[in-house]
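Colleague: Below is one structure. I have some questions about it.
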Amino acid sequence: MNLFDIIKTGGWLMGPIVLCSVVALAIVLERLWALRSSRVMPVQVIPQVRSLCRNKEIDAVQLRLLRTGSPLGAVLAEGLSQRGRGRAAVKESIEQAGRQVVHSLERYLNTLGTIAAIAPYLGLLGSILGMIKVFSVFSAAQGVSDPALLARGISEILFATAAGLVVAIPSLMFHRYFHGRVNELALRMEDEALHFLSALECGEGSEVE
C-alpha cells in the first residue's frame with residue numbers, strides 16, 4: 001500500500017493531517033536554520049564591537065547596523081546605547097532587548113505547538129467518523145456475519161489515528177526542543193553582553209544615542 005492509498009483510506013480528515021505535517025516540517029526546518037549559534041551569536045560580533053569602541057567609532061549608524069546584524073548584535077547595541085547612564089541602565093536595556101530577541105526567536109513555535117496538540121484529535125475524529133461509516137454499512141448490508149471483513153475495515157480506518165500521532169509526536173518533540181534552545185541562547189546572549197560591556201573600556205564621549 002503506497003502513501004496515496006493510505007491517505008485515501010484514512011478518509012477526508014487525512015487532508016488536514018497532511019497539511020499539518022507539511023506546515024510542521026517547514027517550521028522545523030526553518031527554525032533549525034534560524035536557531036544556529038553561528039547565526040544568533042556570530043563569533044565576529046564582539047571583536048567587531050571591541051574594535052569600534054577602541055577607535056571611538058560607536059555612533060547611531062553603527063548601532064543601527066549592529067542591531068540588524070544578529071540577535072546578539074541587537075542586545076549589545078541596546079547595552080552600548082545606555083553605557084553612559086550607569087550599569088543599572090545598561091543591565092535593564094540588555095534584559096529588555098533580550099526579551100525582544102526571544103520573541104523573534106520563538107517565531108512560529110506557537111503554530112508548531114498547535115499542530116502538536118490538534119493532530120491527534122484530527123486523527124481520532126477521522127477514525128471515529130470512519131468507524132461510524134463502517135458499522136453503518138455492515139449493519140445495513142451484512143450484519144456482523146463476517147468479523148474478519150469488519151476487522152479489516154476498522155484497521156484501515158485506524159490509519160487516521162496513526163497519521164495524527166505520526167504528525168503530533170515529532171511536532172511536540174521539536175516544539176519542546178526549540179523552546180529549550182531559545183531559552184539557552186537568550187541566557188548566553190545576556191551573560192555575554194553583560195560581561196563584555198562590564199569589561200569594555202569604551203570612551204564616555206562616544207556617540208551612542
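Colleague: Just to be sure before I move on: is ILE27 crowded, with 17+ Cβ neighbours inside 10 Å and outside any helix (DSSP H, G or I) in the structure I sent?
Modeller: Criteria not met by ILE27.
Colleague: To continue, here is another question. Cβ-Cβ below 6 Å, separation at least six or inter-chain, first residue in segment 60-76 and in contact (Cβ under 8 Å) with a residue 60 or more places away in the chain, second aromatic (Phe, Trp, Tyr): which pairs?
Modeller: No pair meets every condition.
Colleague: Also, I was wondering about something else. Hey, among ILE17, ILE58, which residue is crowded, with 18+ Cβ neighbours inside 10 Å and at pLDDT 80 or above?
Modeller: Unique residue meeting the criteria: ILE17.
Colleague: Please go through segment 45-70 and give me each residue that is more than 26 Å from the chain's Cα centre (by Cα) and part of a loop (DSSP other than H, G, I, E, B), ordered by number.
Modeller: Across segment 45-70, the qualifying residues are ASN55, LYS56, GLU57, ILE58, ASP59.
Colleague: Has segment 98-108 got any residue that is in a helix (DSSP H, G or I) and more than 19 Å from ALA186 (Cβ to Cβ)?
Modeller: No, the conditions are met nowhere in segment 98-108.
Colleague: Still on this structure, please answer the following. Just the residues that are modelled with pLDDT of 95 or more and surrounded by fewer than 21 Cβ atoms within 10 Å (Cβ to Cβ), please, taken from segment 164-173.
Modeller: Of everything in segment 164-173, those that are modelled with pLDDT of 95 or more and surrounded by fewer than 21 Cβ atoms within 10 Å (Cβ to Cβ) turn out to be ILE169, PRO170, LEU172, MET173.
Colleague: Cβ-Cβ distance below 8 Å, separation of 6 or more or different chains: which pairs start in segment 102-113 with a residue that is within 13 Å of PRO71 (Cα to Cα) and end on one that is among the aliphatic types (A, V, I, L, M) and not in a helix (DSSP H, G or I)?
Modeller: From residues that are within 13 Å of PRO71 (Cα to Cα), the pairs are LEU105/LEU35.
Colleague: Please work out which residue is nearest to LEU194 (Cα to Cα), limiting yourself to segment 63-98 and to residues that are surrounded by 19 or more Cβ atoms within 10 Å (Cβ to Cβ) and polar (S, T, N, Q).
Modeller: Result: SER93.
Colleague: Would you check which residues across segment 181-202 are surrounded by fewer than 14 Cβ atoms within 10 Å (Cβ to Cβ) and either modelled with pLDDT of 95 or more or among the aliphatic types (A, V, I, L, M) (or both) and list them?
Modeller: If the condition is that a residue be surrounded by fewer than 14 Cβ atoms within 10 Å (Cβ to Cβ) and either modelled with pLDDT of 95 or more or among the aliphatic types (A, V, I, L, M) (or both), then LEU187, ALA199 are the ones that fit.
Colleague: Starting from residues that are among the acidic types (Asp, Glu) and touching a helix residue (DSSP H, G or I) at 6+ places or on another chain (Cβ under 9 Å), keep the ones in segment 62-102 and report whichever is farthest from GLN44 (Cα to Cα).
Modeller: Out of the qualifying residues, it is GLU95.
The values are calculated or read from the model by the stated rules, or taken from the named source; none is laboratory data. All values derive from a computational prediction rather than experimental measurement. All Cβ positions, glycine included, derive from the backbone under ideal geometry; neighbour counts span all protein chains shown.
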